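Visitor: Quick one: structure below, then a few questions.
The values are calculated or read from the model by the stated rules, or taken from the named source; none is laboratory data. Since the model is a prediction, treat every value here as computed from it, not as a measurement. We place every Cβ from the backbone using ideal geometry, glycine too, and count neighbours over all the protein chains shown. The area values use the complete protein model at the heavy-atom level, side chains included, leaving out ligands, DNA and RNA. Shrake-Rupley method; radii C 1.70, N 1.55, O 1.52, S 1.80 Å.
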Amino acid sequence: MENCRKQKYFLQVFGCQMNFHDGEKIAGVLEKMGYVRADTPEEADVVLLNTCCVRENAENRLYGHLGNLKPLKINNPELIIGVGGCMTQLPTVRATIEADYPYIDLLFGAFNIHQIPELIMKIRETGSRILDVPGEGEMEEDLPVKRESPFQAWVTVIYGCNNFCTYCIVPYVRGREKSRRPEKILMEIRELAAAGVKEVTLLGQNVNSYGLDFPVEERTDFADLLAAVNTVDGIARIRFQTSHPKDLSDKLIRQMAEAEKVCEHLHLPLQAGSDKILKLMNRKYTRDDYLRLVDKLRSRIPEIALTTDLIVGFPGEEEADFQDTLDMVKKVGFDAAFTFAYSPRVGTQAAKLTNQVPEAEKMDRLYRLIEVVNQQAKAANRRLEGTVQTILVEGPSPKKKEIYAGRTRGNKLVLFAPPAGAAGLTGKELNVRIRKGLTYTLQGEVVE
Ligand code: SAH
Ligand code: SF4
Ligand code: F3S
(Lines give C-alpha, C1' and ligand atoms only; values in the text may rest on other atoms or scores of the structure.)
(Ligands and ions follow the chains in the order given, each with its own letter.)
Protein backbone atom coordinates (compact mmCIF):
# COMPACT_ATOMS: atom_id res chain seq x y z
CA MET A 1 0.00 0.00 0.00
CA GLU A 2 1.19 3.46 -0.75
CA ASN A 3 1.39 5.99 1.97
CA CYS A 4 -2.06 7.65 2.01
CA ARG A 5 -0.97 10.86 3.67
CA LYS A 6 -1.67 13.72 1.29
CA GLN A 7 1.43 15.34 -0.15
CA LYS A 8 1.89 18.91 0.98
CA TYR A 9 3.28 21.94 -0.80
CA PHE A 10 4.62 25.20 0.55
CA LEU A 11 4.62 28.16 -1.82
CA GLN A 12 6.18 31.56 -1.33
CA VAL A 13 5.67 34.35 -3.85
CA PHE A 14 7.64 37.57 -4.39
CA GLY A 15 7.12 40.53 -6.73
CA CYS A 16 4.16 42.00 -8.53
CA GLN A 17 0.49 41.08 -8.82
CA MET A 18 1.23 39.09 -11.93
CA ASN A 19 3.58 36.89 -9.97
CA PHE A 20 1.01 36.45 -7.21
CA HIS A 21 -1.56 35.50 -9.80
CA ASP A 22 0.93 32.98 -11.23
CA GLY A 23 1.23 31.72 -7.65
CA GLU A 24 -2.51 31.06 -7.66
CA LYS A 25 -2.02 28.97 -10.81
CA ILE A 26 0.89 27.05 -9.27
CA ALA A 27 -1.31 26.30 -6.25
CA GLY A 28 -4.13 25.38 -8.62
CA VAL A 29 -2.15 22.78 -10.57
CA LEU A 30 -0.70 21.27 -7.39
CA GLU A 31 -4.08 21.01 -5.68
CA LYS A 32 -5.55 19.45 -8.79
CA MET A 33 -2.84 16.83 -8.43
CA GLY A 34 -4.03 16.15 -4.88
CA TYR A 35 -1.53 18.24 -2.95
CA VAL A 36 -2.67 20.25 0.05
CA ARG A 37 -1.16 23.50 1.25
CA ALA A 38 1.36 23.36 4.11
CA ASP A 39 1.60 26.25 6.55
CA THR A 40 5.37 25.97 6.93
CA PRO A 41 8.17 24.66 4.70
CA GLU A 42 9.09 22.18 7.46
CA GLU A 43 5.93 20.14 6.94
CA ALA A 44 6.01 20.26 3.13
CA ASP A 45 6.98 17.60 0.59
CA VAL A 46 7.45 20.23 -2.09
CA VAL A 47 8.68 23.79 -1.49
CA LEU A 48 8.31 26.25 -4.35
CA LEU A 49 9.44 29.87 -4.57
CA ASN A 50 8.02 32.17 -7.25
CA THR A 51 10.65 34.87 -7.63
CA CYS A 52 11.03 38.48 -8.81
CA CYS A 53 14.17 40.18 -10.14
CA VAL A 54 13.02 43.73 -10.75
CA ARG A 55 15.49 45.08 -8.19
CA GLU A 56 18.78 43.70 -6.93
CA ASN A 57 17.78 43.16 -3.31
CA ALA A 58 15.14 40.70 -4.55
CA GLU A 59 17.98 38.58 -5.93
CA ASN A 60 20.00 38.72 -2.75
CA ARG A 61 16.97 37.76 -0.73
CA LEU A 62 16.41 34.68 -2.89
CA TYR A 63 19.83 33.31 -2.04
CA GLY A 64 19.10 33.98 1.63
CA HIS A 65 15.88 31.98 1.37
CA LEU A 66 17.59 29.15 -0.45
CA GLY A 67 20.22 28.99 2.28
CA ASN A 68 17.46 28.65 4.87
CA LEU A 69 15.99 25.68 3.00
CA LYS A 70 19.21 23.65 3.04
CA PRO A 71 18.72 22.16 6.54
CA LEU A 72 15.23 21.03 5.53
CA LYS A 73 16.66 19.08 2.64
CA ILE A 74 19.28 17.51 4.91
CA ASN A 75 16.55 16.42 7.35
CA ASN A 76 14.31 15.19 4.57
CA PRO A 77 16.18 14.11 1.41
CA GLU A 78 12.80 13.35 -0.23
CA LEU A 79 11.92 17.03 -0.15
CA ILE A 80 11.69 18.66 -3.59
CA ILE A 81 12.68 22.32 -3.79
CA GLY A 82 11.75 24.32 -6.87
CA VAL A 83 12.40 27.88 -7.95
CA GLY A 84 10.20 29.63 -10.50
CA GLY A 85 9.33 33.10 -11.69
CA CYS A 86 11.27 35.89 -13.29
CA MET A 87 14.69 35.17 -11.75
CA THR A 88 14.86 31.81 -13.44
CA GLN A 89 14.96 33.60 -16.80
CA LEU A 90 18.39 35.04 -15.95
CA PRO A 91 21.26 32.82 -17.15
CA THR A 92 23.46 33.97 -14.26
CA VAL A 93 20.86 32.88 -11.71
CA ARG A 94 20.40 29.50 -13.40
CA ALA A 95 24.17 28.96 -13.46
CA THR A 96 24.54 29.91 -9.78
CA ILE A 97 21.76 27.57 -8.72
CA GLU A 98 23.12 24.74 -10.82
CA ALA A 99 26.64 25.10 -9.43
CA ASP A 100 26.19 26.33 -5.87
CA TYR A 101 22.78 25.06 -4.76
CA PRO A 102 22.80 21.36 -5.55
CA TYR A 103 19.79 20.79 -3.28
CA ILE A 104 17.53 22.78 -5.62
CA ASP A 105 15.80 20.14 -7.75
CA LEU A 106 13.66 22.15 -10.10
CA LEU A 107 13.61 25.41 -12.03
CA PHE A 108 10.45 26.47 -13.83
CA GLY A 109 9.06 29.61 -15.46
CA ALA A 110 5.75 31.32 -16.07
CA PHE A 111 5.45 29.45 -19.38
CA ASN A 112 5.54 25.95 -17.91
CA ILE A 113 3.49 26.19 -14.74
CA HIS A 114 1.16 23.57 -16.20
CA GLN A 115 4.03 21.08 -16.33
CA ILE A 116 4.96 21.35 -12.64
CA PRO A 117 3.16 18.13 -11.61
CA GLU A 118 4.81 16.07 -14.31
CA LEU A 119 8.21 17.62 -13.58
CA ILE A 120 7.87 16.78 -9.89
CA MET A 121 6.96 13.21 -10.80
CA LYS A 122 9.94 12.92 -13.11
CA ILE A 123 12.29 14.14 -10.40
CA ARG A 124 10.82 11.63 -7.96
CA GLU A 125 11.23 8.80 -10.47
CA THR A 126 14.68 9.60 -11.78
CA GLY A 127 16.20 11.39 -8.82
CA SER A 128 17.78 13.92 -11.18
CA ARG A 129 17.43 17.67 -11.26
CA ILE A 130 15.44 19.54 -13.93
CA LEU A 131 16.94 22.93 -14.54
CA ASP A 132 15.94 24.08 -18.03
CA VAL A 133 13.34 26.81 -18.21
CA PRO A 134 11.40 27.75 -21.36
CA GLY A 135 11.94 31.44 -22.12
CA GLU A 136 8.88 31.89 -24.27
CA GLY A 137 5.98 29.88 -25.56
CA GLU A 138 2.23 29.66 -25.59
CA MET A 139 0.68 30.55 -22.25
CA GLU A 140 -1.57 27.69 -21.16
CA GLU A 141 -5.11 29.04 -21.16
CA ASP A 142 -7.09 26.73 -18.94
CA LEU A 143 -4.98 26.27 -15.86
CA PRO A 144 -6.81 25.62 -12.60
CA VAL A 145 -6.49 28.68 -10.37
CA LYS A 146 -6.56 28.51 -6.59
CA ARG A 147 -7.89 32.01 -5.84
CA GLU A 148 -6.77 33.73 -2.67
CA SER A 149 -10.06 35.54 -2.18
CA PRO A 150 -13.66 34.43 -2.83
CA PHE A 151 -14.79 37.93 -3.86
CA GLN A 152 -11.80 39.57 -5.53
CA ALA A 153 -9.93 38.13 -8.49
CA TRP A 154 -7.03 38.90 -10.77
CA VAL A 155 -7.50 38.28 -14.48
CA THR A 156 -4.57 38.53 -16.88
CA VAL A 157 -5.41 40.37 -20.08
CA ILE A 158 -1.95 40.80 -21.61
CA TYR A 159 1.35 39.07 -20.94
CA GLY A 160 4.82 40.50 -21.46
CA CYS A 161 6.10 43.97 -22.26
CA ASN A 162 7.47 45.64 -25.41
CA ASN A 163 8.46 48.94 -23.87
CA PHE A 164 12.06 48.42 -22.81
CA CYS A 165 12.27 51.25 -20.33
CA THR A 166 16.04 51.43 -20.00
CA TYR A 167 16.14 50.57 -16.27
CA CYS A 168 13.79 47.61 -16.45
CA ILE A 169 14.44 43.88 -16.66
CA VAL A 170 10.79 42.87 -17.11
CA PRO A 171 10.78 42.76 -20.95
CA TYR A 172 13.78 40.40 -20.79
CA VAL A 173 12.15 37.99 -18.35
CA ARG A 174 8.48 38.15 -19.36
CA GLY A 175 8.83 38.14 -23.14
CA ARG A 176 6.92 40.19 -25.71
CA GLU A 177 3.36 41.46 -25.38
CA LYS A 178 0.70 38.89 -26.01
CA SER A 179 -2.97 39.67 -25.45
CA ARG A 180 -5.45 37.04 -24.35
CA ARG A 181 -8.50 36.59 -26.56
CA PRO A 182 -11.37 38.80 -25.38
CA GLU A 183 -13.84 35.91 -25.42
CA LYS A 184 -11.56 33.91 -23.09
CA ILE A 185 -11.25 36.86 -20.72
CA LEU A 186 -15.00 37.44 -20.67
CA MET A 187 -15.72 33.77 -20.14
CA GLU A 188 -13.36 33.72 -17.18
CA ILE A 189 -14.97 36.83 -15.68
CA ARG A 190 -18.49 35.45 -16.15
CA GLU A 191 -17.46 32.27 -14.35
CA LEU A 192 -15.90 34.33 -11.55
CA ALA A 193 -19.10 36.39 -11.21
CA ALA A 194 -21.17 33.19 -11.06
CA ALA A 195 -18.88 31.99 -8.25
CA GLY A 196 -19.53 35.18 -6.23
CA VAL A 197 -16.61 37.39 -7.23
CA LYS A 198 -17.47 41.10 -6.93
CA GLU A 199 -14.26 42.79 -8.00
CA VAL A 200 -11.90 41.94 -10.86
CA THR A 201 -8.47 43.45 -11.46
CA LEU A 202 -7.35 43.19 -15.07
CA LEU A 203 -3.61 42.59 -15.16
CA GLY A 204 -0.81 43.32 -17.57
CA GLN A 205 2.56 45.10 -17.54
CA ASN A 206 0.92 47.59 -19.85
CA VAL A 207 -2.81 46.98 -20.19
CA ASN A 208 -3.10 49.99 -22.50
CA SER A 209 -1.49 47.99 -25.32
CA TYR A 210 -4.21 45.36 -25.03
CA GLY A 211 -5.39 43.98 -28.39
CA LEU A 212 -2.87 45.84 -30.53
CA ASP A 213 -0.96 42.61 -31.20
CA PHE A 214 -3.98 40.91 -32.83
CA PRO A 215 -4.17 40.58 -36.64
CA VAL A 216 -5.57 43.76 -38.21
CA GLU A 217 -9.04 42.35 -38.84
CA GLU A 218 -9.36 41.34 -35.16
CA ARG A 219 -7.89 44.50 -33.65
CA THR A 220 -9.52 45.63 -30.48
CA ASP A 221 -8.33 47.77 -27.60
CA PHE A 222 -8.42 48.08 -23.85
CA ALA A 223 -11.27 50.60 -23.86
CA ASP A 224 -13.47 48.10 -25.72
CA LEU A 225 -12.48 45.36 -23.31
CA LEU A 226 -13.46 47.55 -20.34
CA ALA A 227 -16.82 48.23 -21.96
CA ALA A 228 -17.39 44.50 -22.41
CA VAL A 229 -16.34 43.60 -18.86
CA ASN A 230 -18.64 46.34 -17.60
CA THR A 231 -21.64 44.35 -18.91
CA VAL A 232 -20.92 41.22 -16.85
CA ASP A 233 -23.71 40.80 -14.27
CA GLY A 234 -22.62 40.29 -10.69
CA ILE A 235 -19.31 42.15 -11.04
CA ALA A 236 -19.52 45.39 -9.06
CA ARG A 237 -16.01 46.75 -9.47
CA ILE A 238 -13.40 46.71 -12.21
CA ARG A 239 -9.78 47.69 -11.61
CA PHE A 240 -6.75 47.38 -13.86
CA GLN A 241 -3.01 47.60 -13.64
CA THR A 242 -0.64 48.84 -14.99
CA SER A 243 -1.13 51.72 -17.43
CA HIS A 244 1.68 53.38 -19.31
CA PRO A 245 1.15 57.15 -19.71
CA LYS A 246 2.28 57.08 -23.34
CA ASP A 247 -0.67 54.85 -24.32
CA LEU A 248 -3.46 56.29 -22.17
CA SER A 249 -5.88 57.27 -24.92
CA ASP A 250 -8.78 59.73 -24.80
CA LYS A 251 -11.02 56.83 -25.70
CA LEU A 252 -9.87 54.92 -22.63
CA ILE A 253 -10.42 57.93 -20.35
CA ARG A 254 -13.91 58.32 -21.80
CA GLN A 255 -14.62 54.63 -21.22
CA MET A 256 -13.35 54.82 -17.64
CA ALA A 257 -15.75 57.69 -17.03
CA GLU A 258 -18.70 55.98 -18.72
CA ALA A 259 -18.38 52.39 -17.50
CA GLU A 260 -19.94 52.67 -14.05
CA LYS A 261 -18.19 49.59 -12.65
CA VAL A 262 -14.71 50.89 -13.45
CA CYS A 263 -13.35 52.26 -10.19
CA GLU A 264 -12.25 55.89 -9.84
CA HIS A 265 -8.60 55.00 -9.46
CA LEU A 266 -5.68 54.97 -11.85
CA HIS A 267 -2.19 53.73 -11.15
CA LEU A 268 -0.13 55.70 -13.65
CA PRO A 269 3.62 55.27 -13.13
CA LEU A 270 5.44 58.57 -13.65
CA GLN A 271 8.91 57.23 -12.71
CA ALA A 272 10.61 60.64 -12.82
CA GLY A 273 9.70 64.30 -13.04
CA SER A 274 12.59 65.57 -15.17
CA ASP A 275 12.32 65.51 -18.94
CA LYS A 276 16.01 64.72 -19.20
CA ILE A 277 15.62 61.60 -17.04
CA LEU A 278 12.32 60.55 -18.67
CA LYS A 279 14.10 60.60 -22.01
CA LEU A 280 17.03 58.56 -20.69
CA MET A 281 14.50 56.12 -19.26
CA ASN A 282 12.88 55.76 -22.71
CA ARG A 283 9.46 56.54 -21.25
CA LYS A 284 8.31 58.47 -24.35
CA TYR A 285 6.40 61.25 -22.56
CA THR A 286 7.35 64.55 -20.96
CA ARG A 287 6.28 66.03 -17.65
CA ASP A 288 3.87 68.29 -19.56
CA ASP A 289 2.34 65.30 -21.35
CA TYR A 290 1.80 63.70 -17.96
CA LEU A 291 0.26 66.84 -16.45
CA ARG A 292 -2.08 67.12 -19.44
CA LEU A 293 -3.22 63.54 -18.84
CA VAL A 294 -3.88 64.32 -15.19
CA ASP A 295 -5.98 67.34 -16.20
CA LYS A 296 -7.98 65.28 -18.66
CA LEU A 297 -8.54 62.52 -16.13
CA ARG A 298 -9.65 64.92 -13.42
CA SER A 299 -11.97 66.84 -15.71
CA ARG A 300 -13.72 63.63 -16.86
CA ILE A 301 -13.55 61.80 -13.51
CA PRO A 302 -13.36 64.49 -10.79
CA GLU A 303 -13.07 62.13 -7.82
CA ILE A 304 -10.35 59.93 -9.39
CA ALA A 305 -7.53 58.78 -7.10
CA LEU A 306 -4.12 58.82 -8.76
CA THR A 307 -1.23 56.65 -7.64
CA THR A 308 2.19 56.20 -9.17
CA ASP A 309 5.64 54.62 -9.13
CA LEU A 310 8.75 56.77 -8.75
CA ILE A 311 12.43 55.98 -9.11
CA VAL A 312 15.21 58.13 -7.65
CA GLY A 313 18.88 57.97 -8.54
CA PHE A 314 18.63 56.92 -12.18
CA PRO A 315 22.12 57.33 -13.75
CA GLY A 316 22.80 61.00 -14.43
CA GLU A 317 20.05 62.24 -12.12
CA GLU A 318 21.23 65.49 -10.54
CA GLU A 319 19.75 67.40 -7.66
CA ALA A 320 17.83 69.63 -10.12
CA ASP A 321 16.28 66.56 -11.80
CA PHE A 322 15.30 65.17 -8.44
CA GLN A 323 13.70 68.52 -7.56
CA ASP A 324 11.61 68.13 -10.72
CA THR A 325 10.33 64.82 -9.36
CA LEU A 326 9.42 66.44 -6.02
CA ASP A 327 7.74 69.23 -7.94
CA MET A 328 5.63 66.79 -9.95
CA VAL A 329 4.56 64.96 -6.79
CA LYS A 330 3.34 68.29 -5.39
CA LYS A 331 1.73 69.43 -8.65
CA VAL A 332 -0.21 66.21 -9.16
CA GLY A 333 -0.89 65.58 -5.47
CA PHE A 334 -0.76 61.78 -5.73
CA ASP A 335 -2.95 59.76 -3.40
CA ALA A 336 -0.07 57.32 -2.91
CA ALA A 337 3.18 56.33 -4.56
CA PHE A 338 5.57 53.40 -4.57
CA THR A 339 9.08 54.83 -4.33
CA PHE A 340 12.23 53.03 -5.37
CA ALA A 341 15.97 53.66 -5.42
CA TYR A 342 17.30 52.86 -8.88
CA SER A 343 18.81 49.39 -8.96
CA PRO A 344 21.09 48.52 -11.91
CA ARG A 345 19.97 45.33 -13.67
CA VAL A 346 22.56 43.51 -15.77
CA GLY A 347 21.49 43.41 -19.42
CA THR A 348 19.50 46.66 -19.37
CA GLN A 349 20.65 49.82 -21.14
CA ALA A 350 20.77 51.96 -18.00
CA ALA A 351 23.09 49.57 -16.19
CA LYS A 352 25.74 50.36 -18.83
CA LEU A 353 25.67 54.11 -18.15
CA THR A 354 28.80 55.29 -16.41
CA ASN A 355 27.35 58.15 -14.36
CA GLN A 356 25.68 56.02 -11.68
CA VAL A 357 24.46 57.91 -8.62
CA PRO A 358 26.22 56.95 -5.36
CA GLU A 359 24.16 54.75 -3.06
CA ALA A 360 24.13 57.28 -0.20
CA GLU A 361 22.80 59.96 -2.52
CA LYS A 362 20.05 57.67 -3.75
CA MET A 363 19.00 56.89 -0.19
CA ASP A 364 19.03 60.55 0.77
CA ARG A 365 16.76 61.37 -2.19
CA LEU A 366 14.53 58.43 -1.46
CA TYR A 367 13.88 59.60 2.10
CA ARG A 368 13.23 63.15 0.98
CA LEU A 369 10.85 61.88 -1.68
CA ILE A 370 8.94 59.66 0.74
CA GLU A 371 8.39 62.65 2.99
CA VAL A 372 6.79 64.68 0.21
CA VAL A 373 4.78 61.70 -1.04
CA ASN A 374 3.45 61.12 2.48
CA GLN A 375 2.49 64.77 2.92
CA GLN A 376 0.52 64.64 -0.33
CA ALA A 377 -1.10 61.32 0.55
CA LYS A 378 -2.20 62.63 3.90
CA ALA A 379 -3.59 65.81 2.37
CA ALA A 380 -5.52 63.77 -0.21
CA ASN A 381 -6.91 61.50 2.50
CA ARG A 382 -7.89 64.43 4.70
CA ARG A 383 -9.89 65.90 1.82
CA LEU A 384 -12.13 62.82 2.10
CA GLU A 385 -13.03 63.54 5.73
CA GLY A 386 -16.78 63.92 6.10
CA THR A 387 -17.59 62.24 2.76
CA VAL A 388 -19.53 59.00 2.45
CA GLN A 389 -17.67 56.27 0.56
CA THR A 390 -18.79 52.86 -0.63
CA ILE A 391 -16.33 50.24 0.46
CA LEU A 392 -15.94 46.57 -0.39
CA VAL A 393 -15.37 44.87 2.95
CA GLU A 394 -12.21 42.74 3.01
CA GLY A 395 -12.71 41.35 6.53
CA PRO A 396 -11.16 41.82 9.98
CA SER A 397 -7.97 43.85 9.89
CA PRO A 398 -4.86 41.64 10.07
CA LYS A 399 -3.52 43.54 13.07
CA LYS A 400 -6.68 44.05 15.14
CA LYS A 401 -9.44 41.49 14.82
CA GLU A 402 -12.17 43.75 16.23
CA ILE A 403 -11.53 46.33 13.50
CA TYR A 404 -12.67 45.66 9.95
CA ALA A 405 -11.06 46.84 6.73
CA GLY A 406 -12.52 47.65 3.34
CA ARG A 407 -11.51 49.54 0.22
CA THR A 408 -13.07 52.58 -1.38
CA ARG A 409 -13.49 52.69 -5.13
CA GLY A 410 -10.42 54.96 -5.04
CA ASN A 411 -8.55 51.94 -3.59
CA LYS A 412 -8.05 53.43 -0.13
CA LEU A 413 -8.09 51.21 2.89
CA VAL A 414 -10.80 52.20 5.40
CA LEU A 415 -10.71 50.86 8.95
CA PHE A 416 -14.02 50.78 10.80
CA ALA A 417 -15.77 49.19 13.76
CA PRO A 418 -18.25 46.67 12.37
CA PRO A 419 -21.87 46.89 13.51
CA ALA A 420 -23.13 44.07 15.72
CA GLY A 421 -23.45 40.77 13.86
CA ALA A 422 -20.83 41.66 11.28
CA ALA A 423 -20.03 38.05 10.41
CA GLY A 424 -21.56 38.29 6.93
CA LEU A 425 -19.97 41.60 5.98
CA THR A 426 -16.86 40.32 4.24
CA GLY A 427 -17.19 40.60 0.47
CA LYS A 428 -20.15 43.00 0.70
CA GLU A 429 -20.38 46.66 -0.23
CA LEU A 430 -21.12 49.07 2.57
CA ASN A 431 -21.34 52.85 3.04
CA VAL A 432 -19.02 54.50 5.54
CA ARG A 433 -18.52 58.11 6.51
CA ILE A 434 -14.84 59.04 6.61
CA ARG A 435 -13.95 60.39 10.05
CA LYS A 436 -10.22 60.78 9.66
CA GLY A 437 -7.72 60.70 6.83
CA LEU A 438 -4.26 59.42 7.76
CA THR A 439 -1.21 58.87 5.57
CA TYR A 440 -1.91 55.25 4.59
CA THR A 441 -5.46 54.62 5.77
CA LEU A 442 -8.81 56.21 6.47
CA GLN A 443 -10.93 55.78 9.57
CA GLY A 444 -14.63 55.51 8.96
CA GLU A 445 -17.94 54.64 10.55
CA VAL A 446 -20.77 52.70 9.04
CA VAL A 447 -23.75 54.78 7.93
CA GLU A 448 -27.20 53.19 7.87
N1 SAH B 1 4.85 47.48 -15.91
C2 SAH B 1 4.71 48.28 -14.81
C3 SAH B 1 5.52 47.92 -13.58
C4 SAH B 1 6.84 47.30 -13.72
S5 SAH B 1 7.82 47.00 -12.31
C6 SAH B 1 4.96 49.67 -15.29
O7 SAH B 1 5.43 49.90 -16.35
O8 SAH B 1 4.65 50.56 -14.55
C9 SAH B 1 7.19 48.04 -11.07
C10 SAH B 1 7.99 49.25 -10.79
O11 SAH B 1 9.29 48.92 -10.37
C12 SAH B 1 8.20 50.16 -11.95
O13 SAH B 1 7.11 50.98 -12.22
C14 SAH B 1 9.41 50.95 -11.52
O15 SAH B 1 9.03 52.09 -10.78
C16 SAH B 1 10.13 50.01 -10.60
N17 SAH B 1 11.38 49.53 -11.21
C18 SAH B 1 11.51 48.80 -12.33
N19 SAH B 1 12.82 48.57 -12.58
C20 SAH B 1 13.53 49.17 -11.59
C21 SAH B 1 14.92 49.30 -11.30
N22 SAH B 1 15.85 48.76 -12.08
N23 SAH B 1 15.27 49.98 -10.18
C24 SAH B 1 14.34 50.54 -9.39
N25 SAH B 1 13.02 50.45 -9.62
C26 SAH B 1 12.61 49.77 -10.71
FE1 SF4 C 1 9.27 47.71 -17.23
FE2 SF4 C 1 8.64 49.85 -18.64
FE3 SF4 C 1 7.63 47.46 -19.32
FE4 SF4 C 1 6.81 48.66 -17.10
S5 SF4 C 1 6.53 49.42 -19.20
S6 SF4 C 1 7.39 46.53 -17.32
S7 SF4 C 1 8.63 49.70 -16.38
S8 SF4 C 1 9.79 48.07 -19.41
FE1 F3S D 1 9.17 41.16 -10.56
FE2 F3S D 1 8.69 39.68 -12.64
FE3 F3S D 1 6.78 41.17 -11.63
S4 F3S D 1 10.55 40.80 -12.25
S5 F3S D 1 7.88 42.90 -10.78
S6 F3S D 1 7.76 39.49 -10.63
S7 F3S D 1 7.13 40.72 -13.78
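Visitor: Once the cut-off is 11 Å, how many percent of the Cα-Cα pairs in the range 339-383 end up in the long-distance tail?
Guide: On the way: 701 of 990 pairs.
Percent of Cα pairs beyond 11 Å in the range 339-383: 71.
Visitor: Using DSSP, restrict attention to beta bridges with both residues in the chain and report what percent are antiparallel, rounded to the nearest 5.
Guide: Details: 21 of 62 bridges.
Taking every DSSP beta bridge within the chain, about 35 percent pair in antiparallel fashion.
Visitor: Assuming a viscosity of 1.306 mPa s and a temperature of 10 °C, what translational diffusion coefficient in µm² per second does Stokes-Einstein assign to the range 46-185, Rh being the Kirkwood radius over Cα pairs? Kindly include the intermediate steps, with their values, before the conclusion.
Guide: Values: Rh = 16.5 Å.
The estimated diffusion coefficient comes to 96 µm²/s.
Visitor: Can you work out the accessible area per residue across the range 171-221, with the rest of the protein chains kept in place, probe 1.4 Å, in square angstrom? If you can, show how the numbers build up before the last one.
Guide: Working: 2270 Å² over 51 residues.
Dividing the accessible area of the range 171-221 by its residue count gives 44 Å².
Visitor: Rg/Rh for the range 28-68: what does it come to with C-alpha atoms and Rh from Kirkwood?
Guide: On the way: Rg = 12.9 Å, Rh = 12.0 Å.
Taking Rh as the inverse mean 1/r over Cα pairs, Rg/Rh reads 1.07.
Visitor: How large is the helix-only mean residue ellipticity at 222 nm for the chain, computed as the sum of -39500 (n - 2.57) over DSSP H runs with n ≥ 4, divided by its residue count, in deg cm²/dmol to the nearest 500?
Guide: -10500 deg cm²/dmol, from helical runs alone.
Visitor: With a 10 Å radius around each residue's Cβ, average the other Cβ atoms per peptide and rank 194-203, 210-219, highest first.
Guide: Taking the mean over residues of other Cβ atoms within 10 Å, the ranking is 194-203, 210-219.
Visitor: Carbon and sulfur together cover what percent of the accessible area of the chain at a 1.4 Å probe radius?
Guide: That fraction is 52 percent.
Visitor: What translational diffusion coefficient, to the nearest whole µm²/s, does the chain have by Stokes-Einstein, given a Kirkwood radius computed over alpha-carbon pairs, a temperature of 4 °C and 1.567 mPa s viscosity?
Guide: Numbers: Rh = 23.6 Å.
Calculated translational D: 55 µm²/s.
Visitor: Just grab the label-to-label distance for residue 125 and residue 217, each label 7 Å out from Cα along the Cβ direction, in nm (one decimal).
Guide: 4.4
Visitor: What are the aspartates and glutamates whose alpha-carbon lies under 19 Å from the alpha-carbon of residue 400, with same-chain residues fewer than 8 places away excluded?
Guide: Cα-Cα hits under 19 Å: 445.
Visitor: How would you rank 60-68, 88-96, highest first, on the average number of other Cβ atoms within 10 Å across their residues?
Guide: With the highest mean Cβ count within 10 Å placed first, the list reads 88-96, 60-68.
Visitor: About its Cα centre, how strong a charge dipole does the range 2-126 have in debye, to the nearest 20, once Lys and Arg get +1 and Asp and Glu get -1 at the Cβ?
Guide: 100
Visitor: Kindly identify the range 303-448 as rounded, prolate or oblate by the Cα gyration tensor criterion: order the square roots of the eigenvalues as a ≥ b ≥ c, call it rounded if a/c is under 1.5, otherwise compare a/b with b/c, prolate if a/b is larger, else oblate. The partial results should precede the final answer.
Guide: On the way: a/c = 3.33, a/b = 2.38, b/c = 1.40.
Here the range 303-448 falls in the prolate category.
Visitor: Quick check on the range 299-383: what does the Kirkwood estimate of hydrodynamic radius come out to from the alpha carbon pairs, in Å?
Guide: That comes to 13.9 Å for the range 299-383.
Visitor: A follow-up question, please. Taking the chain as a Gaussian network, where each spring joins two C-alpha atoms under 10 Å apart, which residue of 257, 153, 360 fluctuates the most?
Guide: With Cα springs under 10 Å in the chain, the top fluctuation among 257, 153, 360 is at 360.
Visitor: Still on this structure, please answer the following. Are any of the pairs 6/32; 251/378; 198/378 more than 20 Å apart by Cα-Cα distance, and if so, which?
Guide: 251/378; 198/378
Visitor: Shifting gears a bit: A 26 angstrom limit on the alpha carbon distance is what I want to check against. Which of 8/146; 146/178; 330/428; 261/296; 178/284 exceed it?
Guide: Pairs exceeding 26 Å: 330/428.
Visitor: Just want the answer: with Cβ charges of +1 for Lys and Arg and -1 for Asp and Glu, which residue in 306, 343, 263 is farthest toward the dipole's positive end in the range 223-356?
Guide: Projecting each Cα onto the dipole axis, the largest value belongs to 343.
Visitor: Note down the relative contact order for the range 1-112 as a percent, whole number, built from C-alpha pairs under 8 angstrom at least six residues apart.
Guide: That works out to 26 percent.
Visitor: Between residue 436 and residue 190, what is 0.36 nm times their sequence separation minus the Cα-Cα distance? Round to one decimal in nm.
Guide: Answer, rounded to one decimal: 84.8 nm.
Visitor: How many nm separate the modelled label positions at residue 400 and residue 146, each set 7 Å beyond the Cα in the direction of the Cβ?
Guide: Computed distance between label sites residue 400 and residue 146 equals 3.3 nm.
Visitor: Which aspartates and glutamates, on any chain, are close to residue 331 with Cα under 12 Å apart, when same-chain ones fewer than 8 places away are left out?
Guide: Leaving aside aspartates and glutamates fewer than 8 places away in the same chain, those within reach of residue 331 are 288, 295.
Visitor: Compute, for the range 283-395, the length of the dipole vector about the Cα centre, with Cβ point charges of +1 (Lys, Arg) and -1 (Asp, Glu) only. Units Debye, rounded to 20.
Guide: So the magnitude is around 380 debye.
Visitor: Which one, 442, 229, 315, projects farthest toward the positive side of the charge dipole computed for the chain from Cβ point charges (K/R +1, D/E -1)?
Guide: Of the listed residues, the answer is 442.
Visitor: If you don't mind, another one. Given all pairs of different Cα atoms, what value in angstroms does the Kirkwood hydrodynamic radius of the range 147-263 take?
Guide: Kirkwood hydrodynamic radius for the range 147-263: 14.6 Å.
Visitor: Give me the dipole magnitude in Debye, nearest 20, for the chain about the Cα centre, with unit charges on the beta carbon: positive for Lys and Arg, negative for Asp and Glu.
Guide: About 920 debye.
Visitor: Still on this structure, please answer the following. Whole number in Å², please: accessible area per residue of the range 38-140, 1.4 Å probe, ligands, DNA and RNA not counted.
Guide: Accessible surface, normalised per residue, equals 46 Å².
Visitor: Evaluate the relative contact order of the chain (contact order divided by residue number), counting alpha-carbon pairs under 8 angstrom at least 6 apart; express in whole percent.
Guide: The normalised contact order for the chain reaches 10 percent.
Visitor: When the convex hull of the C-alpha atoms of the range 2-126 is computed, what volume per residue in Å³ does it have? List each step's numbers first, then the result.
Guide: Working: hull volume 13.4 nm³, N = 125.
That works out to 107 Å³ per residue.
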